[in-house]
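Data block below; observations after.
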Amino acid sequence: MSVAKKQYKRVTVKSLIEMKNNNEKISMLTAYDYTMAKIVDGAGIDVILVGDSASNVMAGHETTLPITLDQMIYHASSVIRAIDRCLVVVDLPFGTYQGNSKQALDSAIRIMKETGGHAVKLEGGAEIEQSISRILTAGIPVMGHLGLTPQSIYKFGTYTVRAKEEAEAQKLKEDAKLLEELGCFALVLEKVPAKLAQEVAESLTIPVIGIGAGSGVDGQVLVMHDMLGMTHEFNPRFLRRYLDLHTEMTNAFKQYISDVKSVDFPNENEQY
């Protein structure tokens, strides 16, 4: 017997847990600016992640490591001004929380006060336990992130699937349970085997959102520029491109150039 889906005027951390309990999948996308966030929120997305992937798609860096806290605050502030309904989660960037729980709390407080964001996301498990605990004591909601953690790319040395071996899979399960026990309201699992991700999702009471983690989790997240086809060099198996904006935009720009050079634009109706 199907159950009618609850309509949320505003999505909160409590809403996501209700969605998991009601077997309603959670939709999540990244956004980094006002205009795109306005469209994404208006379409009815549940969660916007202001990801440190802005380092890649907005600034052109090879990794997520270079982006600063000030830059994340700029992007998150722009997104918050656009939204009416969805929950906005902001990544704490590399170097603002690892190994120093006071710095972690200070970073999270800046995010919440200066952007108006609703929650923060941190990468890692037991190694950042103190940072997560200290942030939570301030009443700031925390989303965890396990599996492939891009801020640790130089430790891994590759973006390949994580936790394929038993030892790493066991640590991931232990870390996931720890994050739930600490008080995280949700967890992202990135690029791990689908069977493992489903096992983790079924073992937790908090929602698990996957990216390259199969369909057995409680929701999905993608980088907006990837799913819209604005980027075209990045082709992981988990990515579904819903548009080919790279081609569409290139053609539009070429047409504009042609129209300007041929004096077709502006025509009589497009001038005063």
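At a glance:
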{"quantity": "Choice from THR96, THR247, THR30 with maximal GNM fluctuation in the chain (Cα, 10 Å cutoff)", "calculated": "THR247"}
{"quantity": "Additional length obtainable on full extension of the chain from GLN255 to GLN7, 0.36 nm per residue less Cα span", "calculated": "85.0 nm"}
{"quantity": "Computed over region 75-126: relative contact order in percent, which uses C-alpha pairs under 8 Å that are six or more apart", "calculated": "45 percent"}
{"quantity": "Span-rule helices in the chain, defined as complete DSSP H runs reaching 20 Å or more along the axis (Cα) with Kyte mean at least -1.0", "calculated": "101-115, 166-182, 245-261"}
{"quantity": "Relative packing of 166-174, 187-195, which averages over residues the other C-beta atoms within 10 Å, highest first", "calculated": "187-195, 166-174"}
{"quantity": "Alpha-carbon Rg/Rh ratio, for region 154-272, with Rh computed the Kirkwood way", "calculated": "1.27"}
{"quantity": "Listed peptides 229-242, 82-95 by packing density, highest first (mean Cβ within 10 Å)", "calculated": "82-95, 229-242"}
{"quantity": "Ratio of the Cα radius of gyration of the chain to 2.2 N^0.38 Å, where N counts its residues", "calculated": "1.08"}
{"quantity": "Partners for LYS155 among lysines (Cα-Cα distance below 29 Å; same-chain residues under 8 apart left out)", "calculated": "LYS102, LYS121, LYS164, LYS171, LYS173, LYS177, LYS191, LYS195"}
{"quantity": "Average Cα contact separation per residue, the chain, under 8 Å, 6 or more apart, as relative contact order %", "calculated": "15 percent"}
{"quantity": "MRE, 222 nm, helices only [DSSP H, n ≥ 4, -39500 (n - 2.57), over the chain, to nearest 500]", "calculated": "-12000 deg cm²/dmol"}
{"quantity": "Accessible surface of the chain [probe 1.4 Å, protein heavy atoms]: carbon and sulfur percent", "calculated": "54 percent"}
{"quantity": "Percentage relative contact order, region 1-127, counting C-alpha pairs under 8 Å, at least six apart", "calculated": "24 percent"}
{"quantity": "Spin-label pair GLU127/GLN271, simplified geometry with 7 Å Cα→Cβ offset, distance in nm", "calculated": "6.3 nm"}
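The values are calculated or read from the model by the stated rules, or taken from the named source; none is laboratory data. Please read all numbers here as calculations on a predicted model, not as lab measurements. With ideal geometry, Cβ positions are generated from the backbone for all residues, glycine too; neighbour counts draw on all protein chains shown. These accessible areas exclude ligands, DNA and RNA; they are computed on the full protein's heavy atoms, side chains included. Shrake-Rupley method; radii C 1.70, N 1.55, O 1.52, S 1.80 Å.
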